[in-house]
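Chemist: After the structure tokens below, expect a handful of questions from me.
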Amino acid sequence: MDLQIAILLGQDGITTGAIYALLALALVLVFAVTRVIFIPQGEFVAFGALTLASLQGGNTPATLWLLLGCGVAVAAVDGLAAVRRGDARRLVSILGWNLAYPLALAALFYASQPGAMPMLLQILVALAIVVPLGPMIYRLAFQPIAEAPVLILLIVSVALHVTLVGLGLLFFGAEGTRTPAFSDAQFELGSIMISGQQLWVVGTSALLIAVLYLFFGRTIYGKALRATAINRNGARLMGFSPVFAGKLTFLLAAFIGALSGVLIAPVTTIYYDTGFLIGLKGFVAAIIGGLASYPLAAAGALTVGLLESFSSFWASAYKEVIVFTLIIPVLLWQSLTSHHIDEEE
Amino acid sequence: MNTIAQPVLEVRDLCVAYGKVEALTNANIRVGEGQIVTVIGPNGAGKTTMLSAIVGLLESKGQVAFNGRVEVSPDVERMVAGGMSLVPEKRELFGEMSIEDNLLLGAFHRYRTGKRDHAETMNEVFELFPRLKERRAQQAGTLSGGERQMLAVGRALMGKPRLLMLDEPSLGLAPLITREIFRIIAELRKTGVSILLVEQNARAALAVADYAYVLETGGVAMEGPAHDLRDDPRVIETYLGLGGKHQDMLAT
């Protein structure tokens, strides 16, 4: 291996590492606030990428129908409860978000040609379709069992993953897609060539991490989410509803997932089930952070990205094995050094 | 009967059961505007259960009327938004966050509904607890027991409650700190907030309260104006008797 190749591999590793970092942050966040180990995180990556690809192909992405379906289900469950309580204002907001909003998106497709839109608008539409699925899925799958033990939540999480992968195959078929790059620019830095897309991925990830950092450190809603993660009962007594916390968390997780998908779609070919592997690598990074520390998780993500990229050069057949084997020494180290975290009563 | 024209809180026939075990049976409690009402009783009498049910953390049967609004099954968010604040026995602080952030979150429900006067309220809380101001950037988890209790009360006050419910504020605290906490409870009376105080330290509680209930094995066994109960032979024997001398010095 010469320096040239090492630099190339390093660049690749940092680019994918940035995506893993985003996913790791989402996984840590979801686990800390709701205790759900969010296996379907990767499905949001695939759905984001494939929805965008479908839009660019001039089609109506099938995720739109999923959004409509989930919306109807949530509106039915929550709407009935609101009617029973006679809470008219709440009913209006439920119907607005879960029925009117998906219908408005559908109307947009009826009225215009998303295939002909500029790319930025297409990305926004793709996010607008995929991101609201997060809170809806929380409402339908996790809110009714929010107090259940971690293991039950994990089982539901796995079931949800299998369901979403199945739906992905149904929606998008078995062929992979790759979307055009955001920019064709190439930058030369001495002997290093940096592509515009790589800059987009790393830059957007860094920006998003910075925004999340400010959100959790400076805003009262971010602090309330952190407080929920530290002490659920305490946060509840401050009037911060755990249901709202769950929905907000899943909204953020879905946004991070879908955006990661949009970012990575021009770099690698995305299949309906690609998300799982990407999500798992984010999970390895999150484990390195002990499912609790954000900076450690981000550092872990870069390690995973670099390790993957270099092992694909030396032993490409074993690259997944090498990446996932990383978890064993990390877990050993953690079990030896950290105190055992008991499940909350 | 605690006779007040307009009670802030009126609990009627409140029942709570853990499975088949009845923890609270037909409890009736009234707290008037600006009143300090105490609920005393031995361990396991259902005091904490009652507070949890009133604020909506526990499922209950019966009626809770807060601010004249009757709730059949109280909901925590709605009760907190209506001005009810519970300082739980375990304090439930946000250990890895600063004192300032803990206090700020106490004002969360007000912030959410557009009342953004938290900076002002925080200054008032700091006036009441100067110690918290000195350590405003310190993590809550590193505080001593007394400071944690002060922070818990301060955090509850950040929401400008109409009714402050304190669950065993003296639990696990050194005698001097206990006295300080009770001094502050007495001082809070001036702010006009109504207080429902659950205590095992009956002597100190009866000294500060206007009205008192004695809770025994899940039901109200006695009630009356606090100074009457203080002289009641049964109360003296059971709650103020042994060890009372030691606490006597603290209550004043």
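Chemist: Give the range A:220-234 a look and list any residue that's among the hydroxyl-bearing types (Ser, Thr, Tyr) and without any contact (Cβ under 8 Å) to a residue 24 or more places away in the chain, or say none. Walk me through it before giving the result.
Modeler: Taking the range A:220-234 and keeping what is among the hydroxyl-bearing types (Ser, Thr, Tyr), we get A:221, A:228.
Selection gives nothing.
Chemist: Going through A:Ala100, A:Ala75 one at a time, which residue ends up being in a helix (DSSP H, G or I), touching a Phe, Trp or Tyr at 6+ places or on another chain (Cβ under 9 Å) and of a type in the set (A, V, I, L, M, F, W, C)?
Modeler: Values: A:Ala100 fails: touching a Phe, Trp or Tyr at 6+ places or on another chain (Cβ under 9 Å).
Of the residues listed, the single one that is in a helix (DSSP H, G or I), touching a Phe, Trp or Tyr at 6+ places or on another chain (Cβ under 9 Å) and of a type in the set (A, V, I, L, M, F, W, C) is A:Ala75.
Chemist: May I ask you to list the residues in the range B:108-118 that are open to solvent by 20 Å² or more (accessible area, probe 1.4 Å) and either within 22 Å of the chain's Cα centre (by Cα) or facing another protein chain (nearest Cβ under 8 Å) (or both)?
Modeler: Step one: of the range B:108-118, the residues open to solvent by 20 Å² or more (accessible area, probe 1.4 Å) are B:110-118.
Passing the criteria: B:Arg110, B:Tyr111, B:Arg112, B:His118.
Chemist: Turning to a different aspect of this structure: Taking B:Ala226, is it modelled with pLDDT of 90 or more and either of a type in the set (Phe, Trp, Tyr) or within 14 Å of the chain's Cα centre (by Cα) (or both)? Full working, then the answer.
Modeler: Details: modelled with pLDDT of 90 or more: yes; either of a type in the set (Phe, Trp, Tyr) or within 14 Å of the chain's Cα centre (by Cα) (or both): no.
The answer is no for B:Ala226.
Chemist: Can you find a residue that is of a type in the set (Gly, Ala, Ser) and at pLDDT 95 or above anywhere in the range A:118-130?
Modeler: There is at least one residue in the range A:118-130 that is of a type in the set (Gly, Ala, Ser) and at pLDDT 95 or above.
Chemist: If I filter the range A:213-234 down to residues being small (Gly, Ala, Ser) and at the interface with chain B (Cβ under 7 Å from one of its Cβ atoms), which single residue comes out as surrounded by the fewest Cβ atoms within 10 Å (Cβ to Cβ)?
Modeler: A:Gly234
Chemist: Across the range B:124-140, which residue is surrounded by the fewest Cβ atoms within 10 Å (Cβ to Cβ) among those that are of a type in the set (D, E, K, R) and in contact with an Asp or Glu (Cβ under 9 Å, 6 or more places away or on another chain)?
Modeler: From the range B:124-140, those of a type in the set (D, E, K, R) are B:124, B:127, B:131, B:133-136; that's our starting set.
So of that shortlist, the ones also in contact with an Asp or Glu (Cβ under 9 Å, 6 or more places away or on another chain) come out as B:131, B:133, B:135-136.
Working: B:Arg131: 17, B:Lys133: 16, B:Arg135: 17, B:Arg136: 14.
By that ranking, first place goes to B:Arg136.
Chemist: Answer yes or no as to whether B:Leu197 is under 13 Å from the mean Cα position of the chain (by Cα) and either free of Cβ contacts under 8 Å to residues at least 12 places away in the same chain or crowded, with 19+ Cβ neighbours inside 10 Å (or both). Please lay out each step first, then the result.
Modeler: Values: under 13 Å from the mean Cα position of the chain (by Cα): yes; either free of Cβ contacts under 8 Å to residues at least 12 places away in the same chain or crowded, with 19+ Cβ neighbours inside 10 Å (or both): yes.
When the stated conditions are applied, B:Leu197 passes them.
Chemist: Also: What single numbered condition from (1) open to solvent by 60 Å² or more (accessible area, probe 1.4 Å); (2) among the hydroxyl-bearing types (Ser, Thr, Tyr); (3) away from every other protein chain (no Cβ under 13 Å) fails to hold for B:Thr121?
Modeler: (1)
Chemist: In the range A:182-207, what count of residues is obtained for those that are in contact (Cβ under 8 Å) with a residue 40 or more places away in the chain, out of contact with any Leu (no Cβ under 9 Å at 6 or more places or on another chain) and open to solvent by 40 Å² or more (accessible area, probe 1.4 Å)?
Modeler: From the range A:182-207, those in contact (Cβ under 8 Å) with a residue 40 or more places away in the chain are A:182, A:191-192, A:194, A:197-198, A:200-202, A:204-206; that's our starting set.
Still in the list and also out of contact with any Leu (no Cβ under 9 Å at 6 or more places or on another chain): A:194, A:198, A:202, A:206.
Add one more test, that the residue is open to solvent by 40 Å² or more (accessible area, probe 1.4 Å), and what stays is A:202, A:206.
Number satisfying all stated conditions: 2.
Chemist: Search the range B:2-13 for residues that are over 20 Å from B:Met84 (Cα atoms) and assigned by TED's automatic domain parsing to the domain that holds B:Lys47 and pair each with any residue that is modelled with pLDDT under 80 and open to solvent by 40 Å² or more (accessible area, probe 1.4 Å) when their beta-carbon atoms are under 9 Å apart and the residues are at least 6 apart or on different chains.
Modeler: Here the result reads none, with nothing in the range B:2-13 linked to a residue that is modelled with pLDDT under 80 and open to solvent by 40 Å² or more (accessible area, probe 1.4 Å).
Chemist: Additional query: Identify, from the list B:Val220, B:Val214, the residue that is in a strand (DSSP E or B), of a type in the set (Val, Ile, Thr) and open to solvent by 10 Å² or more (accessible area, probe 1.4 Å).
Modeler: Numbers: B:Val214 fails: open to solvent by 10 Å² or more (accessible area, probe 1.4 Å).
It is B:Val220.
Chemist: For residues that are open to solvent by 50 Å² or more (accessible area, probe 1.4 Å) and either of a type in the set (Ser, Thr, Tyr) or in a helix (DSSP H, G or I) (or both), tally how many sit in the range A:111-144.
Modeler: Residues flagged as open to solvent by 50 Å² or more (accessible area, probe 1.4 Å) and either of a type in the set (Ser, Thr, Tyr) or in a helix (DSSP H, G or I) (or both) within the range A:111-144 amount to 8.
The values are calculated or read from the model by the stated rules, or taken from the named source; none is laboratory data. Nothing here was measured: the structure is a model prediction, and the numbers come from that model. A quick note on method: Cβ atoms are made from the backbone with ideal geometry, for glycine too, and the neighbour counts reach across all protein chains shown. Surface accessibility is based on the protein's heavy atoms, side chains included, excluding ligands, DNA and RNA. Shrake-Rupley method; radii C 1.70, N 1.55, O 1.52, S 1.80 Å.
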